[in-house]
Amino acid sequence: MRLEYAAMVFSKSTDNKETGEMQPSTFAPLSARRLLVLGGIGLILVGMLFGDIFAVFVLHQNAARVGASLAAAAHAALAGDHAAVLASFQDVGSFLENRGTKVDTHVHMIDFGYLALMLAILQPWIAFEEKAKRGLAWLFLAGGTLLPVGVFLIHYVGLAYSPLQTIGWASIFADLGGLLVILATLGFLLGLMNHFRSHAPSHVKDGLLPDRSTESRLLLGGGMVLVLAGFLHGAYYAGVDLYRHEALDTSILTNMAKAAAANDVGTVDRSLEAYGQLQGDKAVNIAAHAHIIEYGLLAMMLALFQPYVRLRESWKLRWAYVLILGSVLLPVCVLMELKFGLVAGGLADFGGLLVIVALFAMWIGILRYTGELDSQAGDVR
């Protein structure tokens, strides 16, 4: 495989000398591309691990507390206890803020990882010196780490010692992290525009794109199937269940309000139970839809970087299979959680763990890459 890759790069270098095309971007230890790949996969790994821990130890318990607080508020309203109603809704707000900051931390960290991988793919077309690109990469990774950490701390820091009345220090640092990400991304986009706006634009042929190894084809094809399945599931949910769920949402809340006005405790309890079931049904469908598309995109992007995963070919293929298996198992089991309960939830968490382990193995393989492919190509040239 490596000899074939070296021959491919040799043929490209010969063409480059004849046509004046730019040389493919290297993967040096401190190059912008390598920093973005390792940093991006690292962000995705930490975000997924945090999401698994959150799902096991926080998510379901938090949902139960929200449901209990809503039930307490409804019964307090029936009893005319205004103070208890207010206290219950304050508890609901606290639980939702706790859940919201955890979800935002999980989502932002993974999304920044995806963006870092996309920027890594574009590096050969960024018309800046390597030093400038490396600085932008460090700026992006700093912001991509600072924002989710700041979001995570919002629930715990609050407004303590804040110079502002409504924004705490954690929110300020989270916004600063977002600003760093925006500046770095704009910098990369400016470099991309400079490449295409040059008077004599050079044609770049990146050595990663033509890779046809077995694991690359598996990840690319499997990722496309996952994304297509996610689109089809989203279309089915929008066409069959979405409007029905919206109608049920309004109907249940209306019946609950009427029952509360009539002091009908039994109807209020049944309405609360139905409302909880409805929200659970909506949540598992949205989560399955989002996760299967996310994992599909991740597999497709990882397919492009397989030449730099310094593992045995057999193990590279095994880890690709493990990643695809986990990417299918998690969203399927999430959809079955309402029917099979903790069993399906445990299998979904196991699927997420498979993706994490496979991704970590690929990260180790990229970290172990010592430049042999680039050096082989350079020796041939």
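The values are calculated or read from the model by the stated rules, or taken from the named source; none is laboratory data. Every value quoted in this text rests on a predicted model; they were computed, and no experiment measured them. Reconstructed Cβ throughout: ideal geometry from the backbone, glycine too, with neighbour counts over all protein chains shown. Areas reflect the complete protein model, heavy atoms only, side chains present, ligands, DNA and RNA absent. Shrake-Rupley method; radii C 1.70, N 1.55, O 1.52, S 1.80 Å.
Worth pointing out:
- Residue that is farthest from the chain's Cα centre (by Cα) [pool: residues in region 133-154 that are open to solvent by 50 Å² or more (accessible area, probe 1.4 Å) and farther than 14 Å from residue 179 by Cα]: 134
This table checks each residue for (1) touching a Phe, Trp or Tyr at 6+ places or on another chain (Cβ under 6 Å); (2) of a type in the set (A, V, I, L, M); (3) open to solvent by 50 Å² or more (accessible area, probe 1.4 Å).
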{"residue": "235", "(1), (2), (3)": "no, yes, yes"}
{"residue": "260", "(1), (2), (3)": "no, yes, no"}
{"residue": "264", "(1), (2), (3)": "no, no, yes"}
{"residue": "268", "(1), (2), (3)": "no, yes, no"}
{"residue": "272", "(1), (2), (3)": "no, yes, no"}
{"residue": "296", "(1), (2), (3)": "no, no, no"}
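- Test: residue in region 284-294 that is open to solvent by 40 Å² or more (accessible area, probe 1.4 Å) and among the polar types (S, T, N, Q): no
- Of the residues 168, 187, 178, the single one that is of a type outside the set (Lys, Arg), modelled with pLDDT under 95 and out of contact with any Cys (no Cβ under 6 Å at 6 or more places or on another chain) is 168.
- Residue within region 165-172 that is in contact with a Pro (Cβ under 9 Å, 6 or more places away or on another chain) and buried (at least 23 other Cβ atoms within 10 Å of the Cβ) present: no
- A single member of 336, 301 is of a type in the set (A, V, I, L, M), buried (at least 18 other Cβ atoms within 10 Å of the Cβ), modelled with pLDDT of 90 or more and in the same structural domain as residue 220 (by TED's automatic domain parsing), and it is 301.
- Screening region 307-333 for residues that are open to solvent by less than 20 Å² (accessible area, probe 1.4 Å) and more than 20 Å from the chain's Cα centre (by Cα) and picking the one that is nearest to residue 225 (Cα to Cα) gives 316.
- Subset of region 11-51 [open to solvent by 20 Å² or more (accessible area, probe 1.4 Å), modelled with pLDDT under 85 and in a helix (DSSP H, G or I)]: 11, 12, 14, 15, 17, 18, 19
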